[in-house]
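The block underneath contains the structure these notes are about, expressed in structure tokens.
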Amino acid sequence: MALAIATVNAILIGLVLALAVSIEQLVTILPNYTDRAQELLSGLHGQLTSWGVGAGQAHDLLWKIDPRRFGPRVAAGSGSGRRWFARFG
């Protein structure tokens, strides 16, 4: 019984660590995609204006999800993940 519990715990810890590594890698590469995200937002702005949404309203809406503001925040958070992993390395 104790062996089964230890095995399950080891598997769960491994899965959590794998998830943490995956998130760390995503945070590292995410800022590389800001140009593509900006292109998509520009296309969405055009689509919204073609549907009759005012250009100012579309701009205000899309500014709230500006990828240039998102990328640095995520990248800044990646240091905390590295510090957390350094405790185990």
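Points to keep in mind about this one:
- Residue check, Ala55 in contact with a Phe, Trp or Tyr (Cβ under 8 Å, 6 or more places away or on another chain) and hydrophobic (A, V, I, L, M, F, W, C): no
- Members of region 31-54 that are under 14 Å from Ile65 (Cα atoms) and among the β-branched types (Val, Ile, Thr): Thr34
- Residue match in region 1-17 (condition: surrounded by 10 or more Cβ atoms within 10 Å (Cβ to Cβ), modelled with pLDDT of 85 or more, in contact with a helix residue (DSSP H, G or I) (Cβ under 8 Å, 6 or more places away or on another chain) and aliphatic (A, V, I, L, M)): no
- Ile23 out of contact with any Phe, Trp or Tyr (no Cβ under 9 Å at 6 or more places or on another chain), assigned to a loop (DSSP other than H, G, I, E, B) and touching a residue at least 12 places away in the same chain (Cβ under 8 Å): no
- Asn32 under 22 Å from the mean Cα position of the chain (by Cα) and modelled with pLDDT of 80 or more: yes
The values are calculated or read from the model by the stated rules, or taken from the named source; none is laboratory data. Computed from a predicted structure; not experimentally measured. Glycine also receives a Cβ, built like all others from the backbone with ideal geometry; neighbour counts cover every protein chain displayed.
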